[in-house]
Amino acid sequence: MHRYIFRRLLLMLPVMIGVTFIVFTMMYFTPGDPARIMLGESAPEDAVQRLREDMGLNDPFLMQFGRYVTNVARGDFGRSYTQRRPVATMIIDRFPTTLKLATWGVIVSIVIGIPTGIISATKQYSLFDNVSMVLALVGVSMPNFWQGLMMIIIFALNLRWFPASGFTTWKHIVLPAITLGTSSAAQITRMTRSSMLEVIRQDYIRTARAKGQVESVVINQHALKNALIPVVTVIGLSFGGLLGGAVLTESIFSIPGVGSLMIQAIRQRDYPVVQGGVLFIALSFSLVNLLVDILYAFIDPRIKAQYK
Amino acid sequence: MSNVKLQKEEVQPSVPKAPKKKKSQWLEVWRRLVKNKAAMVGLAIMLILIFSAIFADFIAPYGYDEQVLTNRFKSPSSEHLFGTDNFGRDIFSRIVYGSRISLRVGIISVAIAALCGGSLGAVAGYYGGKLDNVIMRMMDILLAIPGIILAISIVAALGPELRNVMIAVGIGGIPGFARIVRASVLSIREQEFIEAAKAVGANDFRIISKHIIPNSMAPIIVQATMGVAGAILSTAGLSFIGLGIQPPIPEWGAMLSTGRDYIRDYWHMTTFPGVAIMITIFALNLLGDGLRDALDPRLKS
């Protein structure tokens, strides 16, 4: 198992270098001179040229890229053009907020998705099943930024139950977490249902029932354990969507996370911050997917056996 | 779309008759799709949307940029079905015109994704080996960046313009198509009719384009339908944060973004564009689900 984790971490390295290359190339070819952005429009030309030389902006592309990669490997993402602070500290300051938001989003989606999916599958074609399947489709179809705005109108502006912006008390978390979690809740519901339906038809479930096992034990112990494997994949994949969705959700609820930092940076053409943000999000997404794959081994002993 | 309608006319009279032996595979798919009520609802909504995009000039009661400054922030009424916005423009008309943008972005960006991703996937699956490895690792790199973040950074680099949005959203869809096409090519590659084609001397390009791609259309169609939904959502999201389509072009996400500034007093400005997006995505999802069942009856138990 350790060897497997080590191998997977090693495989992540080329992927991350690839992501760095893509992000670096895009920002490199973006119009606008970084030195000019830093010094302002009115700065004299020779000062701009001197700064370009200092920053190594006159070096060939590959040399600049190589320098960026080695710096990133050391944890140095460069400095913000506008704030002059190291990008790494700016992101690390804000990352816990985004992570907290995404984690609550995942919790909301699991708490809603898995039980709904199980009940839908065990009572297939019932009223509950039909209603929850339609709702799940609505949940997938709703743009989360619109849902957030609608919830602000209803629960913040009219009912005044929750605040419309900020991220300090638990009350601040409720609306953003629901906004962010809804679409993955819907996906998890659909996945749990179809996976459960497949498992329930298996012979070993018939055996469990035939030996007189209580129905709740059959469902919760025998069926659920086997049905959860594809659901875990969906949860892992939806985490990427959640990190992406967090960018929009943060913007709606004015939450000071990595997403709102990135949007602000794009508006100010502060490219090191944008680069750093994308890299950070890609890295956390890859780590979460690795974690999900390791989790498999604990859920499914067949997979664990392969790596012994 | 006219093809589809023709098929419908051909099919319906034949339903009560005894089933014919030899029937086109696509006719069979269409018959299964027609039986699926949800999919038909989705198809109907999409046809209405396409219709309103084409005939927007006749359907919309006002122009999308027709400003009447004395008529600002009007609530929904019989005169202005969905009310008016901060420039006194009719929101219903803007939504009708907006369907043009959304459908265009959705279809073109999926076409980009399907063409690039499909060819990469077909080449990777057909040739295998090192080439397969290189292509799929490249796809892994793209997949490591969540779609909307990738689109945001591409648009940030290229500049917020309709064309760039389509490219950005399209690139995000490439890995999905590559994976799906590769998987189906792998399963078709070893079959006997490919061997037969090779035996009669068909070259690789011919085998891939004439024999392999047509036989792996089913998952591509489903992915494309769902892809259009995803592309419309991403575009609206990009416009919402100001990186997509710029005003005064009536894009649904951009309308939401404007409405957001007036959310405290004028709910109608944010509500209706969002409903339009939701109904479109809902219809595409219904249709996509239906197509999946119709194209692969084995999946339906």
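In the range A:264-306, the residue that is farthest from the chain's Cα centre (by Cα) out of those that are within 18 Å of A:M38 (Cα to Cα) and free of Cβ contacts under 8 Å to residues at least 24 places away in the same chain is A:R267. Just to verify a result, which residue in the range A:122-165, among those that are in a helix (DSSP H, G or I) and small (G, A, S), is nearest to B:N285 (Cα to Cα)? So the residue we want is A:S141. For the range A:134-171, name all the residues that are touching a residue at least 40 places away in the same chain (Cβ under 8 Å), facing chain B (nearest Cβ under 9 Å) and over 20 Å from the mean Cα position of the chain (by Cα). Once the filter is applied, which keeps residues that are touching a residue at least 40 places away in the same chain (Cβ under 8 Å), facing chain B (nearest Cβ under 9 Å) and over 20 Å from the mean Cα position of the chain (by Cα), the range A:134-171 yields A:L137, A:V138, A:L149, A:I152, A:A164. Residues in the range B:246-284 that are under 30 Å from B:N36 (Cα atoms), in contact (Cβ under 8 Å) with a residue 12 or more places away in the chain, surrounded by fewer than 22 Cβ atoms within 10 Å (Cβ to Cβ) and not aromatic (F, W, Y): B:I279 only.
Against the list (1) touching a residue at least 40 places away in the same chain (Cβ under 8 Å); (2) among the basic types (K, R); (3) out of contact with any helix residue (DSSP H, G or I) (no Cβ under 9 Å at 6 or more places or on another chain), the condition B:R72 fails is (1).
Going by the structure shown, is A:S216 among the polar types (S, T, N, Q) and under 18 Å from A:Q124 (Cβ atoms)? Criteria met by A:S216. All of B:A124, B:A157 fail the test of being surrounded by 23 or more Cβ atoms within 10 Å (Cβ to Cβ) and within 25 Å of A:T20 (Cβ to Cβ), apart from B:A124.
If you check every pair at least six apart or on different chains, which have Cβ atoms under 9 Å apart with a residue in the range A:1-23 that is within 9 Å of another protein chain (Cβ to nearest Cβ) first and a residue that is among the aromatic types (F, W, Y) and buried (at least 16 other Cβ atoms within 10 Å of the Cβ) second? Every condition considered, the pairs that remain are A:F21/A:F65.
Check A:V247, A:V273 and return the single one that is at the interface with chain B (Cβ under 9 Å from one of its Cβ atoms), crowded, with 19+ Cβ neighbours inside 10 Å and out of contact with any His (no Cβ under 9 Å at 6 or more places or on another chain). Checking each option against the conditions leaves just A:V247.
Is it the case, given these coordinates, that B:G288 is crowded, with 20+ Cβ neighbours inside 10 Å, at the interface with another protein chain (Cβ under 8 Å from one of its Cβ atoms) and at pLDDT 85 or above? In short, no.
Of all residues in the range A:214-240, those that are outside any helix (DSSP H, G or I) and surrounded by 15 or more Cβ atoms within 10 Å (Cβ to Cβ) total 0. Within the bounds of the range A:25-42, is there any residue that is of a type in the set (A, V, I, L, M) and surrounded by fewer than 15 Cβ atoms within 10 Å (Cβ to Cβ)? No, the range A:25-42 contains no residue that is of a type in the set (A, V, I, L, M) and surrounded by fewer than 15 Cβ atoms within 10 Å (Cβ to Cβ).
Every listed requirement among (1) within 14 Å of another protein chain (Cβ to nearest Cβ); (2) modelled with pLDDT of 85 or more; (3) in contact with a helix residue (DSSP H, G or I) (Cβ under 6 Å, 6 or more places away or on another chain) is met by B:H268 save one, (3). Exactly one residue among B:A168, B:A196, B:A202 is among the hydrophobic types (A, V, I, L, M, F, W, C), more than 30 Å from A:L243 (Cβ to Cβ) and at pLDDT 90 or above, and that residue is B:A196.
Residues being more than 23 Å from B:A276 (Cβ to Cβ), assigned to a helix (DSSP H, G or I) and more than 14 Å from chain A (Cβ to nearest Cβ) are represented in the range B:131-147 by at least one member.
Of the residues making up the range B:247-264, those that are more than 9 Å from chain A (Cβ to nearest Cβ) and part of a loop (DSSP other than H, G, I, E, B) number 7.
Between B:G201, B:G237, B:G242, B:G230, the distinction of being of a type outside the set (S, T, N, Q) and in contact with a Lys or Arg (Cβ under 8 Å, 6 or more places away or on another chain) belongs to B:G242 only. The residue that is surrounded by the fewest Cβ atoms within 10 Å (Cβ to Cβ), among those in the range A:100-117 that are in contact with a helix residue (DSSP H, G or I) (Cβ under 6 Å, 6 or more places away or on another chain) and of a type in the set (A, V, I, L, M, F, W, C), is A:W104.
Please verify whether the range B:218-241 includes one or more residues that are outside any helix (DSSP H, G or I), touching a residue at least 60 places away in the same chain (Cβ under 8 Å) and crowded, with 23+ Cβ neighbours inside 10 Å. Checked the range B:218-241: at least one residue is outside any helix (DSSP H, G or I), touching a residue at least 60 places away in the same chain (Cβ under 8 Å) and crowded, with 23+ Cβ neighbours inside 10 Å.
The values are calculated or read from the model by the stated rules, or taken from the named source; none is laboratory data. Every value quoted in this text rests on a predicted model; they were computed, and no experiment measured them. In this analysis, Cβ positions are derived from the backbone assuming ideal geometry, glycine residues included, and neighbour counts consider all displayed protein chains.
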